[in-house]
Amino acid sequence: MSTPTIFCAEPARADYALRLEQRFGLERLKRRPDAGYWLELGAERLQLITVGKHGAVFAEFVDGAARHRREQGGGRGQPVARAVGLKGGQTLPTIVDATAGLGRDAFVLASLGCRVTLVERSPVAAALLHDALERASMAPEVQAITARMQLVHANAITWLSELPADRQPDVVYLDPMFPDTGKSAAAKKDMQAFQTVIGDDLDSAALLQAALGAARARVVVKRPRLGDTIAGRAPSGQIVGKSTRFDLYSLKGMPRD
Ligand SMILES: C[S@@+](CC[C@H](N)C(=O)[O-])C[C@H]1O[C@@H](n2cnc3c(N)ncnc32)[C@H](O)[C@@H]1O
């Protein structure tokens, strides 16, 4: 895959563009392209632009859907919270979200009080996450939540298998991008752009294996409600929602929901 590119549309932010370039291995463009895709740094935020697809893509923890989730979210009773074993009064599990993407699931879990390490291998997605965390760190209404979210730019298969025993999380959470089988609802136009750039995660069997070796209590896999299990591997439990299903793989000493 070719090196992802970044175009800085706001000269006053050239230093920040350089830091993004260096941390995520991006190539700087001198002018805005007219084909393909690129990351664009503007006055407000970093976003992914894809020519021919509608809508720029960015990660967001302060406004829009994140605000709605924060203010109207389903609390500890919602399926994702039950899936990671959260229930009233119990100690909060530590979580590694090994497929962080745009950080939406990680943000929900951090909103519920969990410490979440977000591992993301795509330089594009990791840069978008980094920028959203930077912006959130300046917004008083979410600072306390995003302070519980730590970004790691790495391939989680390697990262999880090298994790020292004293840093193993209670839960590893996985939401890999699967080839479209027609069993899931079509993604919105902007998310289709994200999927085109990131591509399918064809190594999710190896990721599940690494997750099972690293989690203390359980591995949770998010799937479309009618989607196949990873590598046909039978889970020990399932939480089924309207369009999403969580496959649970329990390990020793599991906190039960
Ligand atoms: C469907 S998206 C996850 C969306 C995320 N749950 C959210 O709420 O925004 C899958 C993401 O996992 C990342 N990913 C897949 N396999 C990975 C791996 N082995 N290590 C790190 N990231 C991985 C992909 O690059 C992609 O960004």
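The values are calculated or read from the model by the stated rules, or taken from the named source; none is laboratory data. The model shown is predicted, which means the values in this text are computed figures rather than measured ones. With ideal geometry, Cβ positions are generated from the backbone for all residues, glycine too; neighbour counts draw on all protein chains shown.
Observations, loosely collected:
- Condition met for GLY253 (under 24 Å from THR94 (Cβ atoms), at pLDDT below 95 and either outside any helix (DSSP H, G or I) or in contact with a helix residue (DSSP H, G or I) (Cβ under 6 Å, 6 or more places away or on another chain) (or both)): yes
- None of LEU86, LEU102 is in a loop (DSSP other than H, G, I, E, B), within 7 Å of the ligand (Cβ to nearest atom) and in contact (Cβ under 8 Å) with a residue 60 or more places away in the chain except LEU102.
- Check on HIS153, more than 9 Å from the ligand (Cβ to nearest atom), modelled with pLDDT of 95 or more, within 12 Å of the chain's Cα centre (by Cα) and surrounded by 15 or more Cβ atoms within 10 Å (Cβ to Cβ): no
- Here GLU40 fulfils each of the conditions (1) away from the ligand (no atom under 16 Å from the Cβ); (2) part of a loop (DSSP other than H, G, I, E, B) apart from (2).
- Condition check for LEU112: in the same structural domain as ASP203 (by TED's automatic domain parsing) and either crowded, with 23+ Cβ neighbours inside 10 Å or within 16 Å of the ligand (Cβ to nearest atom) (or both): yes
- Residue check, ALA59 within 11 Å of the ligand (Cβ to nearest atom), under 13 Å from the mean Cα position of the chain (by Cα), part of a loop (DSSP other than H, G, I, E, B) and not assigned by TED's automatic domain parsing to the domain that holds VAL221: yes
- Residue match in region 175-197 (condition: surrounded by 19 or more Cβ atoms within 10 Å (Cβ to Cβ), near the ligand (Cβ under 9 Å from one of its atoms) and not in a loop (DSSP other than H, G, I, E, B)): yes
- Looking across region 117-147, the residues that are within 16 Å of VAL172 (Cα to Cα) and without any contact (Cβ under 8 Å) to a residue 40 or more places away in the chain come down to LEU118, GLU120, ARG121.
- Looking only at residues of region 216-238 that are more than 15 Å from the ligand (Cβ to nearest atom) and within 17 Å of ASP97 (Cβ to Cβ), we find that the one that is nearest to the chain's Cα centre (by Cα) is ARG218.
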